[in-house]
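This report refers to the structure that appears directly beneath it.
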Amino acid sequence: MSKRDLRVTFRVSVKELKHIDDLVTKSNMSLSEYLRHASTNRKIKVVDGLPEFSKELRAVGRNLNQLTRLCNQGKITCLDLGGIKRKVAVITEKIIEL
């Protein structure tokens, strides 16, 4: 990708800026990234609730890392990953529904 060293400015009304800011916030992109996508006719798909699922998946990952560390240290010997598998399955189903 090329170096982005050029700046583009344009005028908008207060109402238009509010609308753009709302769209940028929903997209979880930076303003520049959002405007580049929008101006090059790329589709911008916003999936509501995805950040919450990402948070849950990170928590599951941390738990899995802690359990793995305990296994490697010999502090636990029999690891049941059924709970983790169920949690990931629930999160995956919710993402598919979105």
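The values are calculated or read from the model by the stated rules, or taken from the named source; none is laboratory data. What you see is a predicted model, and the numbers here were worked out from it, not measured in a lab. When we count neighbours, we look across all protein chains shown, and the Cβ atoms used for this are built from the backbone with ideal geometry, even at glycine.
Looking across segment 21-40 at every residue that is under 13 Å from residue 8 (Cβ atoms) and of a type in the set (A, V, I, L, M, F, W, C), the one that is nearest to the chain's Cα centre (by Cα) is identified as 31. Within segment 35-56, the residues that satisfy the criterion of being within 28 Å of residue 93 (Cα to Cα) and either at pLDDT 85 or above or not in a helix (DSSP H, G or I) (or both) are 42, 43, 44, 45, 46, 47, 48, 49. Being at pLDDT 80 or above, out of contact with any strand residue (DSSP E or B) (no Cβ under 9 Å at 6 or more places or on another chain), among the aliphatic types (A, V, I, L, M) and surrounded by 10 or more Cβ atoms within 10 Å (Cβ to Cβ): is that true of residue 79 here? Answer is no for this residue.
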